[in-house]
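What follows is a single structure, written as structure tokens, with notes after it.
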DNA sequence: GATGAATGAGATTTCATTCAT
DNA sequence: TATGAATGAAATCTCATTCAT
């Protein structure tokens, strides 16, 4: 990926995200992406060696962004439940506001585009979440079971909530958000 | 006279599921499917008008199957928590054992293949789950909040658990299954 | 071509003619023909070795029929102009009433289906027309020029008339038919 | 930057015409056309959305060309018979020299390719011919009957003449051309 | 003989990528 | 670098023909 024009990379990424959310990973072509991005097909190849590289780069960027956003404003000295809710809301907000990224990440999971290398790098980014949960366990506020299980539980909850919200199954408001958090917290708490 | 062979449809479905799980919805071709199913490419078109129709039909079949299996062995006279756990385990077992179907359903959601008609039919199949939750609320065993929210919570939990299990993040055993159920139930209970 | 069921051959021929008139020679398939004929695809192959043979057989049948019909009621002792008009009307009537056959014959002319053998046999059937024109020349009623040229002139006239009639460019009636004949006769007469 | 090349369209058209004349409309494939045109199959799709569009565009182009050529050198102040013969010869020459176009136009008439829209546009191009005949009628040189009928007579004559010439039934020379014109004119004249 | 499902070669079309400008 | 026409391999789909019943 050359660095001639960062704006173009962003245009390409946004075009790809928009199209994947609309038509799925299986439904997009390089032509679609370039058209949506407002540039020529050939130009995409100036920035990415090919479709695979583009998808992998976008996957990595989304993954990174999602983690960064999740911990925004997190202060380790905050009481645990407050900190947890802060992050929980960060994640929820991120997923709602960047739904396209979430869809993309999910679609990528089973695609032949993502290399194992990309996949592993993504996994490593989960470390801060593990640490957070372990802190909660040390403070005996949440169940002392397998941390992976707990994280799975939390993420699954949020994911489905976001999905249902976007597909109109649920209309979120402040009250429902709090209820959802309570469902999650009541499940977790020791 | 040769008659249309129901077994062929099943062969085609299974081939498609296997390939989607392995290579993603974007990675399968009609050629792949027919080869995997052990029939000629043209034969697939005897049973389905085209790729779209095939995918939609498979989607509907999977969706139907998942609901049918979930309620297997459910007796309305069972005490609620028992009944709920029975179904919860049914769903978990189904998703673990038919992971390919789950991946397929998920991949389809954002694909250009699934028509709104198919999507709506799928939605209607959720009715029994809504009824179950409402029973739990009437018996004042679970939180009296939006049922859609509760279902979302439950399904999200299971989905992520299955996903993590399959990708090696988690190695499930009886104890972890029970823990996961407890996380879910503790969240739900009134 | 086996002789098990003459009715089937006729059904197949009529189906083919109807479809060629509607969709052109390039637009018909063996499947279309059998469906239109109300029989199974495989059955067509009981009567014809393949598509080529079917088309060639139909071509020959149409060609033969057209000649036979043209001379119906022709009495050599009739005065020439009367005889000529009789045949001219026969041809016109035939082409109007069997428009599908005409379209078919015309479409076949440039198709790769018709073998040179079939083509030559068709040519031989023109002999009676040549003889008729030569009689007119002997009686010094029509121009004594190349007979092929005269026939070409006559047939071309009728063909285009039929075509225009069928495509709505012209609405034929007795008066217009007579006018058309006059155009032709005035051109021919010595 | 490479720009769309008008020459390519012409190459494609010529390739298609050549092949239709040789193998009929039913015998040509996009592959054949691109090969004959000396370009890649995919390139044809840069210029035409599909086979249908290609055929329709070629049909329109031929139709337009035929009319334009017919009136080449026509001066309204020429005496009618001279003008008429001039145009008659133009048409004959055009059809002889562009036999491929004629075959193509004829084959298209009953094909499923030509849309009604294309067909109607073609019809409108006949207007100048109608005007010419009406002039002849006003000058009382030709029969005052339905103009459509007269045109049909003229075109039919030429068409069949060209066809027979190409299929070896007739070997044209200056004398035969004049004879043919006389056949036509004697038929028309008042 | 009649049927229509099955076949696979071949047709149409798409699309990632290259290349000339 | 930017462009978009050109490419051709591969995908989707069609269809003449065969074959099992």
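Counting helices only, and only those DSSP H runs with n ≥ 4, report the 222 nm mean residue ellipticity of the protein assembly as shown as the sum of -39,500 (n - 2.57) divided by its residues, in deg cm²/dmol to the nearest 500. Show your work: numbers first, answer last.
Working: 40 runs with 552 residues, N = 760.
Theoretical 222 nm ellipticity from helices: -23500 deg cm²/dmol.
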- Ranked on Cβ counts within 10 Å of their own Cβ, fewest leading, B:89, C:82, A:17 go C:82, B:89, A:17
- Shielding by partners for B:180-188, please: the mean number of other protein chain Cβ atoms within 10 Å of each residue's Cβ. 6
- Note on the structure: Candidates D:15, D:127, D:57; GNM for chain D (alpha-carbon contacts under 10 Å) flags as most fluctuating D:127
- Message: Springs between alpha-carbon pairs under 10 angstrom, Gaussian network model over chain C: which of C:71, C:153, C:59 fluctuates most?
- Response: C:153
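Is the shape of segment B:62-188 rounded, prolate or oblate, going by the alpha carbon gyration tensor and its root eigenvalues a ≥ b ≥ c, with a/c under 1.5 for rounded and a/b larger than b/c for prolate?
Working: a/c = 1.77, a/b = 1.17, b/c = 1.50.
Judged from the Cα gyration tensor, segment B:62-188 comes out oblate (a/c at least 1.5, b/c at or above a/b).
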- When each copy gets a label point 7 Å from Cα toward the beta-carbon at residue C:51, what are the spacings between them in nm, shortest first? 1.0, 2.5, 3.2
- Message: Helix D:99-109 against the longest principal axis of chain D: what's the angle in degrees, Cα atoms only, rounded to the nearest 10?
- Response: 80 degrees
- Task: Treat each spin label as a single point 7 Å out from the Cα along the C-beta direction, and report the residue A:74 to residue B:144 distance in nm.
- Result: 3.7 nm
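Return B:2, C:163, A:68, A:18 ranked ascending by Cβ neighbour count within 10 Å, so the fewest neighbours appear first. Walk me through the numbers before you get to the answer.
Details: B:2 4, C:163 22, A:68 12, A:18 17.
Going from least to most buried by this count: B:2, A:68, A:18, C:163.
I'd like the per residue volume of the convex hull spanned by the Cα atoms of the protein assembly as shown, given in cubic angstrom.
Numbers: hull volume 177.2 nm³, N = 760.
Each residue corresponds to 233 Å³ of Cα convex hull volume.
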- Compute the long axis of helix C:174-188 from its Cα atoms, compare it with the longest principal axis of the Cα atoms of chain C, and write down the angle in degrees, 0 to 90, nearest 10. 70 degrees
- chain A: most fluctuating residue of A:32, A:146, A:52 per GNM, C-alpha cutoff 10 Å: A:146
- Item | Modelled FRET efficiency - R0 56 Å, residue C:96 with residue B:8, Cβ distances, 0.05 increments | 0.65
- Arrange B:141, B:161, B:151 by Cβ neighbour counts within 10 Å, fewest through most, would you? B:141, B:151, B:161
- What's the angle, to the nearest 10 degrees (0 to 90), between helix A:147-166's Cα axis and the longest principal axis of chain A? 60 degrees
- Query: FRET efficiency for residue A:35 and residue C:189, Cβ-Cβ distance as r, R0 = 60 Å, nearest 0.05?
  - Reply: 0.30
- Item | Position residue A:10, label points 7 Å along Cα→Cβ, spacing to each other copy in nm (shortest first, one decimal) | 4.8, 5.5, 7.9
- If you put a point 7 Å past Cα along the Cβ direction, how far is that point for residue B:77 from the same point in each other copy, in nm, smallest first? 6.3, 10.6, 11.1
- Query: Between residue B:116 and residue D:126, what FRET efficiency follows from the Cβ-Cβ distance if R0 is 41 Å, with the result rounded to 0.05?
  - Reply: 0.30
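Throughout, read-outs are computed from the coordinates displayed, never taken from laboratory work. Here the structure is a predicted model, which means the values were calculated and not measured. Quick reminder, even Gly has a Cβ in these numbers, built from the backbone with ideal geometry, and neighbours come from all protein chains shown.
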